[in-house]
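The structure appears below as structure tokens.
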Amino acid sequence: MKILVTGGAGFIGSNLCETLLQEEHEIVCLDNFSTGKRENIQPFLTDTRFTLIEGDIRDLETCRKAVEGMEYVLHEAALGSVPRSIKDPITTNEVNVSGFLNMLVVSRDAGIKRFVYAASSSTYGDSASLPKVEDIIGKPLSPYAITKYVNELYADVFARTYGMECIGLRYFNVFGKRQNPNGAYAAVIPLFVKKLINHEPPVINGDGEYSRDFTYIKNVIQMNLLALSTTNKDAINQVYNTAYGERTTLNQLVAYLKEYLGVYDPAILNVQEEHGPNRLGDIPHSLASVDKAKKLLNYNPEYSMKDGLKEAVQWYWENLK
């Protein structure tokens, strides 16, 4: 297959590129390197089936160039982070909504066979029901959450109006190799890992009893591959939870990280965590039902949170020290 991966130099995008190249697909990566990293795709640059286009999804002509000759799109490009969106809602909207619309328009015009895009568990907003099922959502709690919900609405309209095939994947707290531990908007797992490796106390927001459905990157890759390849007509033009289906509190997360990192450095076992205020815009609890994905896409998540965490910790230990 000929596949465009937007945001292909990012954490999730580069992992997708790696797997797709291993499966001998032809890949074009579009990235502006605002959050993606060149080192993430460095090993692919010598592969004749890999092409890098450095550009921004906010530029329509760049998007049009990127889809030339492509059959499928995996749209991963976005400005993530709830706190970033609260601080700068305008840029978040420009990238996540205007950029998304650009990609839909050029994909429609190029006759792309299927448009698979990164949606978000943040769409569930203030809905208190657990586990989260796809057709029950609440009000968004951040500008970021609004942008990701708007993506779903646009994809649905383009499917209905223009006959496009769109599949949205609501990612739940994805983690794994190449996830950036640096910067103000680093995700919690690599941030905690870096702190612990440096014998610094990880700072937990609130009392640590907020919980998340932490999802290992290899489960996310499986979902993307299934979304690309499914021939089940009922599975198309749907949105799916992309998760493992298990809840872990932040306190439990720190305990697991200390245990797994302690294998490499026993001193980490003695590092004490600290607590700070709850973070604005955070959902208290997140737990996905993956029944819909299992039924329609034959999804079978292979990595539990703890299995994935052991692999991720090994990678971070080898690459962060």
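The values are calculated or read from the model by the stated rules, or taken from the named source; none is laboratory data. Computed from a predicted structure; not experimentally measured. So basically every Cβ, Gly included, is an ideal-geometry build from the backbone, and we count neighbours across all protein chains shown. When the accessible area is computed, the model is the full protein with side chains, heavy atoms only, and any ligands, DNA or RNA have been set aside. Shrake-Rupley method; radii C 1.70, N 1.55, O 1.52, S 1.80 Å.
Just name the residue that is surrounded by the most Cβ atoms within 10 Å (Cβ to Cβ) out of those in segment 235-277 that are more than 30 Å from GLY163 (Cβ to Cβ) and under 20 Å from the mean Cα position of the chain (by Cα).
TYR244
Of the numbered conditions (1) surrounded by fewer than 16 Cβ atoms within 10 Å (Cβ to Cβ); (2) of a type outside the set (Val, Ile, Thr); (3) over 18 Å from MET1 (Cβ atoms); (4) touching an Asp or Glu at 6+ places or on another chain (Cβ under 6 Å), PRO43 satisfies every one except a single condition; which is it?
(4)
Taking segment 75-105 as the region of interest, how many residues are part of a loop (DSSP other than H, G, I, E, B) and either modelled with pLDDT under 95 or buried (at least 17 other Cβ atoms within 10 Å of the Cβ) (or both)?
Final tally of qualifying residues: 6.
Would you check if there is a residue in segment 140-161 being in contact with a strand residue (DSSP E or B) (Cβ under 9 Å, 6 or more places away or on another chain), part of a loop (DSSP other than H, G, I, E, B), modelled with pLDDT of 95 or more and of a type in the set (Gly, Ala, Ser)?
no
Evaluate the following for ALA119: is it open to solvent by 40 Å² or more (accessible area, probe 1.4 Å), in contact with an Asp or Glu (Cβ under 9 Å, 6 or more places away or on another chain) and of a type in the set (Gly, Ala, Ser)?
So ALA119 fails the test.
Working only within segment 35-67, note down all residues that are under 27 Å from ARG108 (Cα atoms) and touching a residue at least 60 places away in the same chain (Cβ under 8 Å).
Those that are under 27 Å from ARG108 (Cα atoms) and touching a residue at least 60 places away in the same chain (Cβ under 8 Å): THR35, ALA66, VAL67.
All but one of (1) modelled with pLDDT of 95 or more; (2) farther than 18 Å from TYR260 by Cβ; (3) under 16 Å from the mean Cα position of the chain (by Cα); (4) open to solvent by 50 Å² or more (accessible area, probe 1.4 Å) hold for ASP213; state the number of the condition that does not hold.
Among (1) modelled with pLDDT of 95 or more; (2) farther than 18 Å from TYR260 by Cβ; (3) under 16 Å from the mean Cα position of the chain (by Cα); (4) open to solvent by 50 Å² or more (accessible area, probe 1.4 Å), ASP213 violates only (4).
Could you check segment 159-178 and list, in sequence order, the residues that are open to solvent by 20 Å² or more (accessible area, probe 1.4 Å) and more than 28 Å from ARG108 (Cβ to Cβ)?
ASN173, LYS177, ARG178
So which residues in segment 188-210 are under 20 Å from ALA78 (Cβ atoms) and either open to solvent by 50 Å² or more (accessible area, probe 1.4 Å) or in contact with a Pro (Cβ under 8 Å, 6 or more places away or on another chain) (or both)?
Selection gives PRO190, LEU191.
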